[in-house]
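> Below is one structure. I have some questions about it.
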Protein chains: 2
Amino acid sequence: MSEALRTDLYQLTMMQAYWKSGHNPEATFDYFVRKIPSGPYLVTAGLNFFLDYIENLRFEDDDIKYLETQGFDHEFLFYLRNFTFTGDIFAMLEGSIAFPIEPIIRVTAPIMEAQLIETFLLNKMNFSSLIATKASRIVHAAKGRSIAEFGLRRAQGDGYLEATRATYIGGCASTSNVMAGKILGIPVSGTMAHSFVTSFDHEIDSYRAYADVFPKRCFLLIDTYDTIEGARKAVIVGKELEERGEKLLGVRLDSGDLCELSKQVRRILDEAGLSYVKIVASGDLNEWKIEELIDHGARIDMFGVGTELITGRPNPALDGIYKLSDVVEQGEHLPKMKLSEETVKSTLPGKKKVWRVIEKGIFVKDIISLDDEIMDNAKPLLEQIVKNGRIICKRPSLDMIRQRAALDLASLVDKYKKLDQAAVYPVEFSQKLADLRESIVEKIKRDEITGKS
Amino acid sequence: MSEALRTDLYQLTMMQAYWKSGHNPEATFDYFVRKIPSGPYLVTAGLNFFLDYIENLRFEDDDIKYLETQGFDHEFLFYLRNFTFTGDIFAMLEGSIAFPIEPIIRVTAPIMEAQLIETFLLNKMNFSSLIATKASRIVHAAKGRSIAEFGLRRAQGDGYLEATRATYIGGCASTSNVMAGKILGIPVSGTMAHSFVTSFDHEIDSYRAYADVFPKRCFLLIDTYDTIEGARKAVIVGKELEERGEKLLGVRLDSGDLCELSKQVRRILDEAGLSYVKIVASGDLNEWKIEELIDHGARIDMFGVGTELITGRPNPALDGIYKLSDVVEQGEHLPKMKLSEETVKSTLPGKKKVWRVIEKGIFVKDIISLDDEIMDNAKPLLEQIVKNGRIICKRPSLDMIRQRAALDLASLVDKYKKLDQAAVYPVEFSQKLADLRESIVEKIKRDEITGKS
């Protein structure tokens, strides 16, 4: 299906206004995040969707027909029929770590084209980056224990598949979401629900039925009625499996005091000689609860995380924005910015680059410069991915994107990953950029606010 | 595309275990919500998606192929090839108001079938109901002023379309989301962004360009540089429109102290004879901020709401669950429930009905009974929508669903709609249901927790 109408109406009304007024200069927009609600860094994700969109961006007949019913101009609609994106796009590669204010994607195109694509870009990049970042925090809190994503039932509807993809980029090991297994190749995991247990006359009947059918991949859910009693029944079934030359893989706790219960269950299993049986915990977990469980010595080998991971709770939206920074008129660059009390500190005019200073594999600081500057001993982070409307970059596999995120995260020292009161990563501006901003603010104050109009 | 694999892996492993163990009794599951985070009521939504899913539920060849790679049994996969849903489903119609613990959907089917569909049901119903409820609260807070949904750029990815649909069911008047206009027929709205303003040399040039192209639908965004100066420029362009026999429709504020600015802007417009020009406000709004703005006399005619509406922030997930309540074995009903400290108060065994006592068009209380009971002077809320796997209900239009929600909300008195500390709506249990629950709790304690196993 064409995604051209996956946009805000105002993009199309503005396009018609640009078109009819003959004002369609080359413009540069930056996608960036003013503030990251979870902490100092962002695991960027979603770029692959954006590239697919750019590649396939066309207005189909039924799109045009719909726009006719909304009063758009016939000549403008004729233009849309032949619309293709013709601009240039630079971006941090998917899975890269970014920090506030840094351009993550830089789009340069005739303003009509650059404007249309804003909404899709924001919708996809904001959400995937939000969830990849959330996942990275949960994985970090688990200190090497693996995280299984269990969120499909609480995901925001059709966003479930890209959400699972983002959790995998952020470091989760597996998902309950079978579609993500089929479509994206992500490892799937899962065994039984409470309904399986309650559907049998007795809890232990359900365990035996499951162990019979899955002797080699048997995890038992033990909290349906009483976790300790459930653990004792799991021991019985674990011993029965041993007699058949098989091994119970694990038990899962899904409610109650997970820390205390995990210790008791570990003891019950160990005393029965089942020290190889793993303990999985789930039930409204998040990065803070996992950190606390581990700090308190919980005997949990693996965590299943659902709602908070898949929705980003408590911050279900990333406030990433797409701002006009430069317009070319008669061959001259006119740097642009919005001016309001909230935004003056976090909007940067002009066409820009982002650089990272890396020492011995550790990220030291980033520098934002103007496009014509070169920063010594720093790595440029924006790579050209689209040239004259054509995709010119390789499309990495999901595992490569996940690996890039893991490498970037490993290069970021722990003080930036603390769940609370993390250090702020230094992002500097080049002198030329700082000077430009100051002069633009002065110009706007002079031209727009003194009532000259 | 087949949605059969849009499920948790454990649904499929449990299915195989049911199938191989020959334990596939008729089972009844209830979809209900233990606690509604936003307040006492829920605007239920998403049922139409669930019906589409049931109607089209098949395992395609590529689904089976994928499951083969995951070690599923060949005979079981052969069964899946011919899988169709054969059960009965009762539900509250889409757009109905529901309260905690009440079954909103009741599924009765062979347990393998009833189990498979859980995840899709939860994914769709939880999200749509969450957002429809959120929308209803925002609409209520606006006291008759209309709400435009502007959330696409912050929506959770591909969930954007059903999210907009849910905001419309909950009472929003329009959306910025053009795809929702095309696919769902929802009215679309939107005019210009800050980038349109900054792309011109001067703010007033942008206003004139827009007014030239859209003289009959001109809303001007006035906060790009300074809201008061922007209002003055809007007056100039409004007067120019009058000279051409047209009228400026409105101005939009998107930042700053919206209450104070709206009063000043209203005065500027009125003093210039432009009292017909509407004021629209947007910018991180939610139900509490809207209530406060109105309480403080803000001169705002219409609100645009984005992030919080489209994601449900601060509660991006509804904890709706799907619990086994009854199993039939050898012709005998065996009521079921999970037992744990958190759940005992909010889980109800047995096949149930929900009744509503309505007096003079006002909802008085609800009663949950067993399936074989009749409550006098009360309206049954669960209607049969699927019989032996076939859809037997009419599929209402989106506008009919929206109207149902509006009627139900009008029947709910204001004390239940307060944003904070709303009254709790009374939901009672029939005596037979209360007695049954008590006896089942006793039975579980006796059979499962005394260490009999």
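The values are calculated or read from the model by the stated rules, or taken from the named source; none is laboratory data. A quick note: this is a predicted structure, and the numbers were derived from the prediction, not measured. Note: ideal-geometry Cβ built from the backbone for every residue, glycine included; neighbour counts use all protein chains shown.
> Using beta carbons and a limit of 8 Å, which pairs, at least six apart or on different chains, have the first residue in region A:39-53 and under 12 Å from A:F127 (Cα atoms) and the second one aromatic (F, W, Y) and part of a loop (DSSP other than H, G, I, E, B)?
Listed by first residue and then by second, the contacts come to A:L42/A:F99.
> So is B:E162 at pLDDT 95 or above, of a type in the set (D, E, K, R) and under 18 Å from B:L221 (Cα atoms) or not?
Values: at pLDDT 95 or above: yes; of a type in the set (D, E, K, R): yes; under 18 Å from B:L221 (Cα atoms): no.
No.
> To continue, here is another question. Looking for whichever is over 27 Å from the mean Cα position of the chain (by Cα), basic (K, R) and away from chain B (no Cβ under 14 Å) here; the options are A:K360, A:K336. Which one fits? Working first, answer last.
Working: A:K336 fails: away from chain B (no Cβ under 14 Å).
After ruling out the rest, the residue left standing is A:K360.
> May I pose another question? Could you pull out the residue among A:G157, A:G185 that is within 21 Å of A:A405 (Cβ to Cβ) and over 16 Å from the mean Cα position of the chain (by Cα)?
Values: A:G157 fails: within 21 Å of A:A405 (Cβ to Cβ).
The match here is A:G185.
> Given the residues A:S262, A:S282, A:S255, which is the only one that is more than 13 Å from chain B (Cβ to nearest Cβ), closer than 28 Å to B:I321 by Cβ, of a type in the set (G, A, S) and touching a residue at least 12 places away in the same chain (Cβ under 8 Å)?
On the way: A:S282 fails: more than 13 Å from chain B (Cβ to nearest Cβ); A:S255 fails: more than 13 Å from chain B (Cβ to nearest Cβ).
Checking each option against the conditions leaves just A:S262.
> Related question: Suppose the filter is within 19 Å of the chain's Cα centre (by Cα), in the same structural domain as B:I367 (by TED's automatic domain parsing) and among the aliphatic types (A, V, I, L, M); does B:A45 pass it? Let's see the steps before the verdict.
Numbers: within 19 Å of the chain's Cα centre (by Cα): yes; in the same structural domain as B:I367 (by TED's automatic domain parsing): yes; among the aliphatic types (A, V, I, L, M): yes.
Answer is yes for this residue.
> Right, B:Y425: of a type in the set (F, W, Y) and assigned to a strand (DSSP E or B) or not? Steps first, answer last, please.
Numbers: of a type in the set (F, W, Y): yes; assigned to a strand (DSSP E or B): no.
Answer is no for this residue.
> Also, quick follow-up: For region B:252-332, which strands (runs of 3 or more DSSP E) that fit wholly inside it have 1 or more residues that are crowded, with 24+ Cβ neighbours inside 10 Å and not assigned by TED's automatic domain parsing to the domain that holds B:N177?
On the way: elements: B:278-281, B:302-305, B:320-329.
Per the criteria, B:320-329.
> Moving on to the next point. Looking only at region A:232-249, count how many residues are outside any loop (DSSP other than H, G, I, E, B) and at positive phi. Outline the logic, then answer.
In the first step, residues of region A:232-249 are kept if they are outside any loop (DSSP other than H, G, I, E, B); the result is A:232-243.
Those left that are additionally at positive phi: none.
The total comes to 0.
> Another question about this same structure. From the set of residues in region B:119-146 that are charged (D, E, K, R) and buried (at least 24 other Cβ atoms within 10 Å of the Cβ), which is nearest to B:V328 (Cα to Cα)? Lay out the reasoning, then the answer.
Applying the first criterion (charged (D, E, K, R)) to region B:119-146 yields B:124, B:134, B:137, B:143, B:145.
Those still in the list that are buried (at least 24 other Cβ atoms within 10 Å of the Cβ) too: B:124, B:134, B:137.
Numbers: B:K124: 28, B:K134: 38, B:R137: 41 Å.
Here the residue is B:K124.
> Looking only at region B:27-44, filter to residues that are of a type in the set (A, V, I, L, M) and under 17 Å from B:V354 (Cβ atoms); which one of those is surrounded by the fewest Cβ atoms within 10 Å (Cβ to Cβ)? Step through it out loud before you land on a result.
At the first step, the residues of region B:27-44 found to be of a type in the set (A, V, I, L, M) are B:27, B:33, B:36, B:42-43.
The next check asks that each one be under 17 Å from B:V354 (Cβ atoms); those that pass are B:33, B:36, B:42-43.
Values: B:V33: 24, B:I36: 19, B:L42: 26, B:V43: 29.
Checked region B:27-44; the qualifying residue surrounded by the fewest Cβ atoms within 10 Å (Cβ to Cβ) is B:I36.
> Among the residues of region A:15-37, which ones are polar (S, T, N, Q) and in contact (Cβ under 8 Å) with a residue 40 or more places away in the chain? Reasoning before the result, please.
To start, the set of residues in region A:15-37 that are polar (S, T, N, Q) comprises A:16, A:21, A:24, A:28.
Within region A:15-37, A:Q16, A:N24, A:T28 qualify.
> Next question, about the same structure. In the same structural domain as B:V280 (by TED's automatic domain parsing), without any contact (Cβ under 8 Å) to a residue 24 or more places away in the chain and within 21 Å of A:Y10 (Cβ to Cβ): which single residue out of B:D223, B:D212 fits that description?
B:D212
> Given the residues B:D201, B:D212, which is the only one that is among the charged types (D, E, K, R), at the interface with chain A (Cβ under 9 Å from one of its Cβ atoms) and not in a helix (DSSP H, G or I)? Quick ask: steps written out before the conclusion?
Numbers: B:D212 fails: not in a helix (DSSP H, G or I).
None of the others qualify; the one that does is B:D201.
> When you scan region A:157-165, do you find a residue that is in contact with a Lys or Arg (Cβ under 8 Å, 6 or more places away or on another chain), within 14 Å of chain B (Cβ to nearest Cβ) and closer than 25 Å to A:R390 by Cα, even just one?
Keep residues of region A:157-165 that are in contact with a Lys or Arg (Cβ under 8 Å, 6 or more places away or on another chain), which gives A:157, A:160, A:162.
After this cut, where a residue has to be within 14 Å of chain B (Cβ to nearest Cβ) as well, the list is A:157, A:160, A:162.
This time we only want the ones that are closer than 25 Å to A:R390 by Cα, so: A:162.
Checked against the condition, which is being in contact with a Lys or Arg (Cβ under 8 Å, 6 or more places away or on another chain), within 14 Å of chain B (Cβ to nearest Cβ) and closer than 25 Å to A:R390 by Cα, region A:157-165 yields at least one hit.
> Any chance region B:96-116 includes a residue that's of a type outside the set (D, E), free of Cβ contacts under 8 Å to residues at least 12 places away in the same chain, surrounded by fewer than 24 Cβ atoms within 10 Å (Cβ to Cβ) and farther than 30 Å from B:Y79 by Cβ?
Residues of region B:96-116 of a type outside the set (D, E): B:96-101, B:103-112, B:114-116.
Add one more test, that the residue is free of Cβ contacts under 8 Å to residues at least 12 places away in the same chain, and what stays is none.
No, there is no match, as no residue in region B:96-116 is of a type outside the set (D, E), free of Cβ contacts under 8 Å to residues at least 12 places away in the same chain, surrounded by fewer than 24 Cβ atoms within 10 Å (Cβ to Cβ) and farther than 30 Å from B:Y79 by Cβ.
> Here is a further query. What about A:R137, is it of a type in the set (K, R), more than 21 Å from A:L42 (Cβ to Cβ), in contact (Cβ under 8 Å) with a residue 40 or more places away in the chain and not in a loop (DSSP other than H, G, I, E, B)?
Numbers: of a type in the set (K, R): yes; more than 21 Å from A:L42 (Cβ to Cβ): no; in contact (Cβ under 8 Å) with a residue 40 or more places away in the chain: yes; not in a loop (DSSP other than H, G, I, E, B): yes.
Against the criterion (of a type in the set (K, R), more than 21 Å from A:L42 (Cβ to Cβ), in contact (Cβ under 8 Å) with a residue 40 or more places away in the chain and not in a loop (DSSP other than H, G, I, E, B)), A:R137 does not qualify.
> Assess whether A:Q421 counts as being assigned by TED's automatic domain parsing to the domain that holds A:T108, surrounded by fewer than 17 Cβ atoms within 10 Å (Cβ to Cβ) and over 21 Å from the mean Cα position of the chain (by Cα). So that I can check it myself, show each step before the final result.
Details: assigned by TED's automatic domain parsing to the domain that holds A:T108: yes; surrounded by fewer than 17 Cβ atoms within 10 Å (Cβ to Cβ): yes; over 21 Å from the mean Cα position of the chain (by Cα): yes.
Yes.
> If you don't mind, there's one more thing I want to ask. For the structure I just gave you, tell me whether A:M112 is modelled with pLDDT of 95 or more, in a helix (DSSP H, G or I) and out of contact with any Leu (no Cβ under 8 Å at 6 or more places or on another chain). Talk me through it step by step, then tell me what you get.
Values: modelled with pLDDT of 95 or more: yes; in a helix (DSSP H, G or I): yes; out of contact with any Leu (no Cβ under 8 Å at 6 or more places or on another chain): yes.
Yes.
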